[in-house]
Every structure is written in structure tokens, then in C-alpha cells.
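Engineer: Can you keep this structure in mind? I'll have questions shortly.
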Amino acid sequence: MNTATEPAAPGERFNFAHHLLEVNAARSERIAYIDDRGQLSYADLSERVRRMAAALRALGIKREERVLLLMLDSNEWPVSFLGALYAGIVPVAVNTLLTADDYAYMLEHSRAQAAIVSGALLPTLTAAMIKSDHEVAKVVVAQPVAPLHPSETEFENFIAAHEPLTRAAATSGDDPGFWLYSSGSTGRPKGTVHSHANPYWTAELYGKAVLALRDSDLCFSAAKLFFAYGLGNALSFPLSIGATVLLMAERATPEAVFKRLTGKLPTLEGRKPTVFYGAPTGFAGMLAHPDLPTREQTALRLVSSAGEALPAEIGERFKQRLGVDIVDGIGSTEMLHIFISNRPERVRYGSTGWPVPGYVIELRGDDGKPVADGEPGDLYIQGPSSALMYWGNRTKTRETFQGGWTKAGDKYVRNDDGSYTYGGRSDDMLKVSGIYVSPFEVEATLVQHPAVLEAAVIGVPGTNGLTRVKAFVVLKPDASATDAELKAFVKDRLAPYKYPRQIEFLAELPKTATGKIQRFRLRERETAH
């Protein structure tokens with residue numbers, strides 16, 4: 001039974017795209033999206049979504065068949081994603097930073113029947129189609145940059161040729177809604193299948209209940225829409241309450257972000273974002289940039305972070321410079337969005353915060369039993385937004401989705417106040433002198449040094465066969481530091497056994513396309529050496 005504080009569950013018949021259009025039916029003139037080229041009202045969004053649904057249906061694509069979305073963040077992205085959902089077709093939203101080989105795999109794995117692609121990415125998709133045994137019958141190109149092949153269709157012509165679909169597909173909340181691929185930090189990316197109800201739950205439990213978004217907000221996410229995090233930030237959350245979203249097609253450099261935070265994009269007409277979503281690496285780059293805006297130059301009331309744990313030093317410096325806390329949390333592709341989080345009114349820097357109401361958290365030891373407070377354990381989550389499965393991967397599905405629980409693959413510690421502190425990935429945790437050492441804890445300490453931009457920590461075998469801590473450090477431009485200086489810096493702040501016995505300076509750290517540090521690449525480097 002629902003209480004007064006619990007959101008109502010979707011009914012047996014539920015289509016997430018239809019739900020969002022209905023929620024905003026009375027907001028026809030309000031602006032839903034602003035991109036680099038123009039604005040899109042809620043009325044325009046509704047019409048274009050239903051035209052896209054009709055156009056995809058006209059191609060003969062059937063319920064639950066897939067359509068690949070390889071698109072930069074622009075007003076065409078939500079039209080395509082929601083249009084497919086409205087028609088009962090499954091959009092497969094993929095990372096725009098990958099290679100043709102990656103897309104060739106995804107085309108074959110998803111058996112996509114069509115592809116919707118930004119013109120700037122069309123050459124890469126074409127190369128992927130040449131390499132793959134795909135089933136794509138139609139390629140729809142948004143904002144083409146070159147003459148199209150006869151087999152390709154321009155986006156605007158594609159949707160304009162069809163009258164809006166008048167009725168959404170009769171899907172249920174448990175029906176497959178869309179896919180997101182994992183970041184691929186190890187092995188092949190996994191096609192994570194989410195239901196129509198999953199984004200509804202993330203919006204209700206986190207966007208509304210924790211972030212308390214308002215319909216007057218202008219939301220801007222540096223994380224792109226193809227990320228689970230970005231999808232909530234720039235689609236599920238704001239559209240669930242009738243807010244406006246600013247989309248950015250280009251890479252989220254500090255300069256590009258500052259231009260938008262200060263309202264200098266022409267299509268903003270002087271309006272400034274009130275809500276900003278970023279990641280720790282991006283916040284570090286912003287703080288290191290000489291043109292970081294002042295709090296008077298922005299209109300921010302809420303700032304969110306996810307993707308990796310936020311070092312306390314970054315959050316504190318950001319609050320000092322811009323006058324607003326960073327609300328850090330953890331989510332995953334498998335859970336769709338954040339399930340442990342700080343609160344806008346209650347931030348504990350150095351921790352990920354407290355469980356989001358509606359989710360149950362459990363930390364388990366190697367024996368599978370819950371661990372005591374203060375002890376590191378594997379993170380398990382129970383909640384309504386968990387994915388249905390990994391497509392075509394029964395072994396990984398069973399490993400991750402265990403009854404009502406989802407295994408996150410992260411180590412955490414529960415603190416006395418009920419908050420949780422990140423301890424690294426389960427396979428990244430180090431045991432030094434018989435004691436667990438969190439690589440993130442050492443990394444977070446190293447980056448507090450004024451000369452350090454980034455750091456990554458792994459375990460390496462010592463001469464006695466025992467694990468030793470090694471740090472790879474990237475220094476800030478024109479900064480200098482010695483390994484002895486950094487070792488002493490860590491020793492002064494952490495238990496002596498945690499300091500890195502070896503430090504190697506690099507020009508850059510290996511990362512996934514989503515910006516996550518690939519510690520396994522560093523381990524491979526050590527093995528090769």
C-alpha cells in the first residue's frame with residue numbers, strides 16, 4: 001500500500017513517453033529544450049515525438065525491435081528517443097565517442113533495424129556498417145554535413161512525411177523500453193535492458209524527492225544523454241516536472257561549460273542554468289581553469305555529481321568559489337540513476353551520502369554475509385529501477401542481478417551516521433599487510449597536493465610477493481613535485497601503510513570514453529614492464 005510520501009506505481013498499461021507528454025499537456029508554450037541551434041516548446045516536442053513514432057512504424061519496425069541512436073546532444077535526441085518509446089520500439093542509445101569497431105559490434109548485438117545518427121557521426125557509422133553483418137534498413141541523419149546517399153534520409157524530411165501517431169503503443173511498465181550499453185571498462189560492453197517504468201522511478205525517487213527540481217529550473221548536464229546519469233539529468237527528471245533543458249553537442253570543456261553557465265549562448269537569450277550536473281573530473285578541470293566564473297556571474301542553486309566518487313577537496317573548493325555545494329551520489333547503468341546520495345540540505349564531503357528512499361542498500365563480505373559498520377563490503381542494491389537483464393549474456397546477468405538484488409561491483413563502508421564512503425571497485429581494492437586499502441582514498445589524498453591534477457593507484461607485487469601501493473600522477477601545467485614530496489604528503493594524512501611506495505609521473509591517465517580511469521590498463525602496463 002502506498003503512503004502519502006510514496007509515489008504511485010505505474011499501472012499495468014504504461015508507456016514512459018506517453019506519460020511525459022501527458023504530464024506536460026498543459027505546458028504547451030513552455031520551452032522544453034534549448035540547444036545550440038534553437039528552442040523546442042513542449043507542444044513542439046509532443047508533435048515531433050508522435051511524428052517520429054509514426055515514421056518509425058511506417059518503416060515496418062515492430063514492437064520491441066531496436067533502433068540505434070548515435071546522436072550528439074541536440075533537440076533531435078529526445079525526439080528520437082521518446083518517439084521510439086511512444087511507438088513501442090526500443091531505442092539503443094550509444095556513446096558518441098567510440099570507434100567504428102565498437103558500433104559494428106553494437107549493430108550486430110542489438111540487431112537494430114534502423115539507425116538515427118548526427119551528421120557529424122555518419123562517417124563512423126558508415127564504416128561500422130561496412131564492417132558488420134547488420135540488419136539496418138534505414139539510416140536517418142540529423143543535421144547532415146554532406147550530401148546524403150539515396151539509402152539515407154534527412155531527419156526533418158523523415159518526420160515531416162508522417163502525421164503524428166495519435167495513440168501510444170500499449171506497453172506495460174515491465175516491457176523493454178530502451179537499452180544503454182555499459183562503458184566497457186573491461187571486455188565487451190553489455191547491452192543493459194531497461195523497462196518503461198524504470199525512468200519513472202528514478203524521476204520520482206531522486207529527481208523529485210531528493211533534488212527537488214522545480215518547473216522553473218533550467219537544467220544543464222555536462223554528462224551526455226547516452227549516459228544513464230545524463231538521461232535522468234536531461235530527460236527523465238526535467239520532463240517529469242515541466243522544467244527546461246539546455247543541451248550541448250560539443251565536448252564539455254571548461255570553456256564550453258562556462259559559456260553556458262554564464263548565459264552567453266545566443267539561444268539562451270541571456271537565461272542562465274539554475275541546475276548543473278557534472279562529474280569529478282570535470283569539476284577539477286573547471287577549478288583549475290583561470291576563467292572559472294564567479295558566483296555573481298552564474299545563477300546556480302543546485303549542482304550534482306556522479307560517475308566517480310567526489311574528492312572532498314574538490315567539493316569544498318567549488319563551494320568556496322561558486323557558493324553552492326556539490327551534491328555527490330552514486331548510480332550505475334544497471335540501476336539507471338543514483339541510489340545513494342548526499343542531499344542539497346545535508347552534504348558530507350568525503351562520503352557518497354545516504355540511501356535514496358525507495359532503495360535498500362546492503363554491504364556484504366567475501367562470505368556473502370552483511371558486514372559491520374566501518375568494515376568494507378561489496379555493494380548490493382534493491383530498488384524498482386534495476387535493469388531487466390544484459391541482452392544475450394546470461395552468465396553476466398546472473399552474476400549482477402541476483403533475485404531482488406543488484407550487485408554493483410563497488411566496495412563501500414557504512415559510517416556511524418548511516419552515510420556511505422566509497423572504497424573503490426571490488427576488483428581494485430588492495431590488501432596491504434593484511435589490511436584493505438582503498439585506491440580512491442590514496443588518490444583523493446594525492447589530488448589535495450597543489451601540484452597534482454589527477455592520480456590513479458594500483459597494487460603491484462613487491463620483491464617479497466606482497467602487494468605494494470603504486471601511484472600514477474599527472475601534474476598540473478607548469479607545476480612540479482618529487483616522489484619523495486608526494487609520499488610524505490600522503491604519510492602526513494593517512495595511516496602509514498597506505499602511502500604509495502612507488503610513484504610514476506605520466507602525461508595523462510588511461511580512461512574510458514566516459515572519462516573513468518582504467519586502472520586495469522595501468523596494471524597491464526606494469527605487467528609489460
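The values are calculated or read from the model by the stated rules, or taken from the named source; none is laboratory data. Bear in mind the structure is a predicted one, so any value in this text is a computation, not a measurement. Virtual Cβ from ideal backbone geometry, glycine too; neighbours counted across all protein chains shown. Just the protein is used for accessible areas: all its heavy atoms, side chains included, with ligands, DNA and RNA removed. Shrake-Rupley method; radii C 1.70, N 1.55, O 1.52, S 1.80 Å.
Engineer: Of all residues in the range 340-366, count the ones that are touching a Leu at 6+ places or on another chain (Cβ under 8 Å) and among the aromatic types (F, W, Y).
Structural biologist: So the answer is 2.
Engineer: Select from the range 248-264 the residues that are under 13 Å from D36 (Cα atoms) and at pLDDT 95 or above and list them in ascending order.
Structural biologist: M248, A249, E250, A256, V257, K259, R260, G263, K264
Engineer: If the Cβ limit is 6 Å and pairs must be 6+ apart or interchain, which residue in the range 435-458 that is polar (S, T, N, Q) pairs with which residue that is in a strand (DSSP E or B) and open to solvent by less than 30 Å² (accessible area, probe 1.4 Å)?
Structural biologist: If the second residue must be in a strand (DSSP E or B) and open to solvent by less than 30 Å² (accessible area, probe 1.4 Å), the pairs left are S438/G423; S438/G424.
Engineer: Within the group R48, R37, which residue is more than 25 Å from the chain's Cα centre (by Cα) and over 26 Å from D133 (Cβ atoms)?
Structural biologist: R48
Engineer: Let me ask something else about it. Give the range 51-71 a look and list any residue that's touching a Ser or Thr at 6+ places or on another chain (Cβ under 7 Å) and either open to solvent by 10 Å² or more (accessible area, probe 1.4 Å) or more than 23 Å from A128 (Cβ to Cβ) (or both), or say none.
Structural biologist: R66 - this is the single residue of the range 51-71 that is touching a Ser or Thr at 6+ places or on another chain (Cβ under 7 Å) and either open to solvent by 10 Å² or more (accessible area, probe 1.4 Å) or more than 23 Å from A128 (Cβ to Cβ) (or both).
Engineer: Restricting the search to the range 91-101, which residues are within 19 Å of the chain's Cα centre (by Cα) and either part of a helix (DSSP H, G or I) or buried (at least 19 other Cβ atoms within 10 Å of the Cβ) (or both)?
Structural biologist: Result: P91, V92, A93, V94, N95, T96, L98.
Engineer: Counting just the residues of the range 340-369 that are open to solvent by less than 30 Å² (accessible area, probe 1.4 Å) and touching a Pro at 6+ places or on another chain (Cβ under 8 Å), which one comes out nearest to R301 (Cα to Cα)?
Structural biologist: I340
Engineer: Is it true that G315 is open to solvent by less than 10 Å² (accessible area, probe 1.4 Å) and outside any helix (DSSP H, G or I)?
Structural biologist: When the stated conditions are applied, G315 does not pass them.
Engineer: Out of (1) open to solvent by 10 Å² or more (accessible area, probe 1.4 Å); (2) closer than 24 Å to P189 by Cα, what's the single condition that is false for L82?
Structural biologist: Only one criterion in (1) open to solvent by 10 Å² or more (accessible area, probe 1.4 Å); (2) closer than 24 Å to P189 by Cα is unmet by L82, namely (1).
Engineer: Is it true that some residue in the range 75-82 is within 22 Å of the chain's Cα centre (by Cα) and closer than 23 Å to D133 by Cβ?
Structural biologist: No, that holds for no residue.
Engineer: Only residues that are open to solvent by less than 10 Å² (accessible area, probe 1.4 Å) and in contact with a Ser or Thr (Cβ under 9 Å, 6 or more places away or on another chain): list them for the range 273-309, please.
Structural biologist: P273, V275, F276, Y277, G278, P280, F283, P293, L302, S304, A306, listed by residue number.
Engineer: Of everything in the range 43-68 that's touching a Leu at 6+ places or on another chain (Cβ under 9 Å) and outside any helix (DSSP H, G or I), which residue is farthest from F226 (Cα to Cα)?
Structural biologist: This residue is V67.
Engineer: Give the range 318-336 a look and list any residue that's in a loop (DSSP other than H, G, I, E, B) and either out of contact with any strand residue (DSSP E or B) (no Cβ under 9 Å at 6 or more places or on another chain) or under 19 Å from V452 (Cβ atoms) (or both), or say none.
Structural biologist: Residue satisfying the conditions is G323 alone.
Engineer: Within the range 330-355, can you find the residues that are touching a residue at least 24 places away in the same chain (Cβ under 8 Å) and charged (D, E, K, R)?
Structural biologist: Correct list: E334, R343, R348.
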